[in-house]
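Reviewing the structure listed below.
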Amino acid sequence: MQLAFPNAIYLVDAIQGEESLVQACKPALESSYITKVIHDCKRDSEALYFQFGIKLHNVVDTQIAYSLIKEQEGKKRLQDDHISFVRLLADPQYGGISYVEKEEVRVFLRQDPKFWAHRPLSELMVRAAADDVRFLLFIYHKMVEKLNERSLWFLAVRGALYCRCFCINNNNFADWPTLPTVPETLIAGNQAPEEETLSVLDVPPGKMGFVIGRRGANILAIKEGCSAFGIRTFISAEIIFGSDKGPPDTIFIIGPVRQVRKAEAMIRGKLQQHYH
């Protein structure tokens, strides 16, 4: 785990330091008063939750923020066009930096999936790990100054839902912090954004391909059918798959309640068509 502060970067080695070292970070990672800046927090949150029992909270996800900025500018994001950290860092607005080490590490990972388990850490490993977080605070400040109040609320609530996304439990996330409420200033004029939610759907084993469809045709149609233009921002339901990283045979839907319920109904309808 890498932690970047304005004046230092810390690499928290869970292999050498063991669980107690990560647990020492738990109060900060779960704090409502400390903002955590992460790019695509879903898998990080999943790892912290299942390996260490940590509920990542108060996250600003720069992947979500980038999409919101584009939507504010009137640019509709294509379905599944989630900007990678490498692409974000290469954007002149957010650094214009070429992240060469990332590709080098990917090559090593393809050759050796246990690349990050080797100790001691090589110079490349240390540099790549540090660079994963080195520029996040700079990007965060650049993004926040561009976001309006409505987008900042979406950023907070979507970040909270993304943190929960793969962290399936048996109590419907009752032990997680509550979601951010809509600011009073946005409620004025009966134009408050719709409540957001996370839905988890289990798909019968072996049937995920039917839900997705040939070349993704079914799921693309569902995603397009579950988009709606809201006031001053483009609102859509995100449909996320556990994929081979797990959890398998599970679909996660995040977005405005009505769009999420519509997506649920369309997915169930596809499954019923298959069985009939």
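Every number here is computed from the coordinates shown, using simple stated rules; none is lab data. Remember, predicted model here, so these are calculated numbers, not experimental data. Here the Cβ is made from the backbone with ideal geometry for all residues, glycine too, and neighbour counts use every protein chain on show.
Cut-off is 10 Å between beta-carbons; in what order do Thr185, Thr35, Thr62 appear when sorted fewest neighbours first?
With the fewest neighbours first, Thr185, Thr35, Thr62 line up as Thr185, Thr35, Thr62.
Using a simple spin-label model with points 7 Å from Cα along the Cα→Cβ vector, what separation in nm is obtained for Val182 and Arg87?
It works out to 3.1 nm between the two label points.
With label points built 7 Å along Cα→Cβ from the Cα atoms of Gln72 and Leu11, find their separation and express it in nm.
Inter-label distance under the simple model: 3.5 nm.
May I ask you to derive the FRET efficiency for Glu19 and Val144 from their Cβ-Cβ distance with R0 = 25 Å, giving the value to the nearest 0.05?
0.15
Report the full-extension gain for the segment Leu220 to Asp175: residue separation times 0.36 nm, less the Cα-Cα distance, to one decimal in nm. Don't skip to the end; give the middle numbers.
Details: separation 45, 0.36 × 45 = 16.20 nm, distance 3.32 nm.
Here the answer is 12.9 nm.
Which whole-number percent is the relative contact order of the chain (Cα, under 8 Å, 6+ apart)?
Working: 352 pairs, mean separation 49.2, N = 276.
Over the chain, the number comes to 18 percent.
Neighbour counts of other C-beta atoms within 10 Å: give me Ser20, Ser199, Ser151 arranged from fewest to most.
Fewest to most other Cβ atoms nearby, the residues stand as Ser20, Ser199, Ser151.
Loop-only GluC sites (Glu not before Pro) in segment 2-100, please: DSSP not H, G, I, E or B, and at most 15 other Cβ atoms within 10 Å.
Glu73
For Gln51 and Glu103, compute 0.36 nm times the residue count separating them, minus their Cα-Cα distance, and round to one decimal in nm.
Result for the pair: 16.0 nm of gain on full extension.
For the pairs Lys70/Lys102; Lys26/Lys55; Lys75/Lys146; Lys36/Lys142; Lys26/Lys102; Lys70/Lys146, note any where the Cα-Cα span goes beyond 19 Å.
Working: Lys70/Lys102 25 Å; Lys26/Lys55 8 Å; Lys75/Lys146 15 Å; Lys36/Lys142 15 Å; Lys26/Lys102 27 Å; Lys70/Lys146 10 Å.
The answer is Lys70/Lys102; Lys26/Lys102.
Under 14 Å Cα-Cα from Lys223, which aspartates and glutamates qualify once same-chain neighbours fewer than 8 residues away are excluded?
Asp80, Asp81, Glu238, Glu264
What is the order of Val200, Val260, fewest Cβ neighbours within 10 Å to most?
Numbers: Val200 16, Val260 22.
Going from least to most buried by this count: Val200, Val260.
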